[in-house]
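The values are calculated or read from the model by the stated rules, or taken from the named source; none is laboratory data. This is a predicted model, so every value here is computed, not measured. FYI the Cβ positions are ideal-geometry reconstructions off the backbone, even for glycines, and counts take in every protein chain you see.
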Amino acid sequence: MVHGPGLRLDKWLWYARLAASRSDAQALCESRRLRLDGRVIDRSCTRVRPGNVLAFPRGDQVIALRVEALADRRGPFAEARQLYTLLMGDGAPALPKAA
């Protein structure tokens, strides 16, 4: 595990309202369907930091976003939307559940 500033990826996905629950975020992280800066993710404890690029499949598309900030809590959608910039995709805030 990398130490220093950052936040667990599963928590960040949940705080950013990109996953419906923390357990959904953990399952998605462990599904090997997410890439962080081009690296396949298989652990929910992976650290995410501002500037990282996250990519994942959603239906027939690939969603890509840049992490802009970390959070201390899961806030309302307007606050959560400030945590990332959408680089590619339809802009929908919810990820599919991991199979």
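Before moving on, here are some points about what is shown:
- Between R35, R22, the distinction of being more than 13 Å from L70 (Cα to Cα) and at pLDDT 95 or above belongs to R35 only.
- Unmet criterion (only one of (1) assigned to a strand (DSSP E or B); (2) at pLDDT 95 or above) for W12: (1)
- Residue pairs meeting the criteria (Cβ under 6 Å; at least 6 apart or on separate chains; first farther than 17 Å from S21 by Cβ and touching a residue at least 60 places away in the same chain (Cβ under 8 Å), in segment 61-78; second of a type outside the set (S, T, N, Q) and buried (at least 16 other Cβ atoms within 10 Å of the Cβ)): L70/L7
- Taking segment 33-51 as the range and being hydrophobic (A, V, I, L, M, F, W, C) and free of Cβ contacts under 8 Å to residues at least 40 places away in the same chain as the test, the residues that pass are L34, L36, V40, I41.
- Taking the criterion of being assigned to a helix (DSSP H, G or I) and over 15 Å from C45 (Cβ atoms), the only residue of segment 16-33 that qualifies is D24.
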